[in-house]
Amino acid sequence: MASTEAMPARFAPGDKVAVKAAFPIGHVRTPYYIRGKHGVIERFCGTYGNPEELAYARPGLPRQPLYRVRFRQAEVWPGYHGNAADTVDIEIYQHWLEPA
Amino acid sequence: MGGLPAGPVEATEHDYALWEKRVDALLVLLSKKGHITVDELRRNIEGLGAEAYEKMSYYERWIYAITQTLIQRGVISIDELGSRMAQVQQSDGKH
C-alpha cells in the first residue's frame, strides 16, 4: 500500500468551517459536543490514516488531512459563563468539515 | 466522558502495579508487530458501554480492549484464552 496515498487538503488557516452534524455508529474521533458547530481552521496538522477505518483493522487509506480547528467556548457550551473570548481547539479530520 | 458532566479531574500521580506496566508493554509490542492499532484499542474501550467503563480502572480497560482486538483478529482464540486463564488461576499467582 502506498503510504503517499492522501486526500488533498481543502482548507487553509483562517478558513471558516462547520463540523458535520452526523451521528453514525462506529468508531468516530470527532467529539459529540462539537458536531454541528462552526469554527476557524487554526492550522494544518498533516495527513494521517483514517481512524474510522484503522479501528476495524483496515488500511485507513486514503490518508485524511487533519486540522486544528478553533471554536468559541460560548458557542460550544450553552450558558457558558467564562470570558466571551475563550476558545477551544480540537483536531478534526477533513471529511468531518464543510466550508462555512 | 464525551463532554458529559463529570466531577473534577484527579491530577495526582500514582505508582503503577507490575501488571499495569506489563499491560502497557504488551500494547507497545503488539503495535510494533502490527497486531493492533490504537484506534482498535479505543473502539473496543468505547464498546464497553458507560457503566462498565466507569467501573473499570484505566489498565483494566486496556487489557480488555487488547484481548478483544486479538480475538477479533484471530491472533488468539477464545479457547486458548480460557485455558491459559484457568492455568494461571490454578498456579495461584506464581507467574
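Computed from the coordinates by the stated procedures, all read-outs in this text should not be read as laboratory data. Note that the structure is predicted; figures quoted are calculated from it, not measured. Neighbour counts are summed over all protein chains in view; Cβ atoms, including those assigned to glycine, are modelled from backbone coordinates with ideal geometry.
Is it fair to say B:I66 is aliphatic (A, V, I, L, M) and within 14 Å of chain A (Cβ to nearest Cβ)?
Values: aliphatic (A, V, I, L, M): yes; within 14 Å of chain A (Cβ to nearest Cβ): yes.
Yes; evaluated as a whole, the condition is true for this residue.
Within segment B:68-82, take every residue that is exposed (fewer than 11 other Cβ atoms within 10 Å of the Cβ) and assigned to a helix (DSSP H, G or I) and give me the one that is farthest from the chain's Cα centre (by Cα).
Looking at residues that are exposed (fewer than 11 other Cβ atoms within 10 Å of the Cβ) and assigned to a helix (DSSP H, G or I), I get B:D79.
Anything in segment A:4-22 that is over 14 Å from A:L97 (Cα atoms) and surrounded by 10 or more Cβ atoms within 10 Å (Cβ to Cβ)? List them, or say none.
A:E5, A:A6
Determine if segment B:4-21 includes at least one residue that is hydrophobic (A, V, I, L, M, F, W, C), assigned to a helix (DSSP H, G or I), over 24 Å from A:T30 (Cα atoms) and more than 14 Å from every other protein chain (Cβ to nearest Cβ). Explain how you work it out, then say what you get.
Of segment B:4-21, the ones hydrophobic (A, V, I, L, M, F, W, C) are B:4, B:6, B:9, B:11, B:17-19.
Okay, now just the ones that are also assigned to a helix (DSSP H, G or I), so B:18-19.
Adding the requirement that they be over 24 Å from A:T30 (Cα atoms) leaves B:18-19.
Applying the additional criterion that residues be more than 14 Å from every other protein chain (Cβ to nearest Cβ) yields B:18-19.
Looking through segment B:4-21, at least one residue is hydrophobic (A, V, I, L, M, F, W, C), assigned to a helix (DSSP H, G or I), over 24 Å from A:T30 (Cα atoms) and more than 14 Å from every other protein chain (Cβ to nearest Cβ).
Can you tell me which residue in segment B:23-67 is surrounded by the fewest Cβ atoms within 10 Å (Cβ to Cβ), limited to those that are closer than 25 Å to A:Y48 by Cα and among the β-branched types (V, I, T)?
The extreme case among them is B:V28.
When residues of segment A:29-49 are filtered for being in a loop (DSSP other than H, G, I, E, B), touching a residue at least 24 places away in the same chain (Cβ under 8 Å) and facing chain B (nearest Cβ under 9 Å), how many remain?
The total comes to 2.
Is it fair to say A:Q73 is surrounded by 15 or more Cβ atoms within 10 Å (Cβ to Cβ), in contact with a helix residue (DSSP H, G or I) (Cβ under 7 Å, 6 or more places away or on another chain) and more than 10 Å from chain B (Cβ to nearest Cβ)? I'd like the intermediate steps shown before the answer.
Details: surrounded by 15 or more Cβ atoms within 10 Å (Cβ to Cβ): yes; in contact with a helix residue (DSSP H, G or I) (Cβ under 7 Å, 6 or more places away or on another chain): no; more than 10 Å from chain B (Cβ to nearest Cβ): yes.
So A:Q73 does not fit the description; no.
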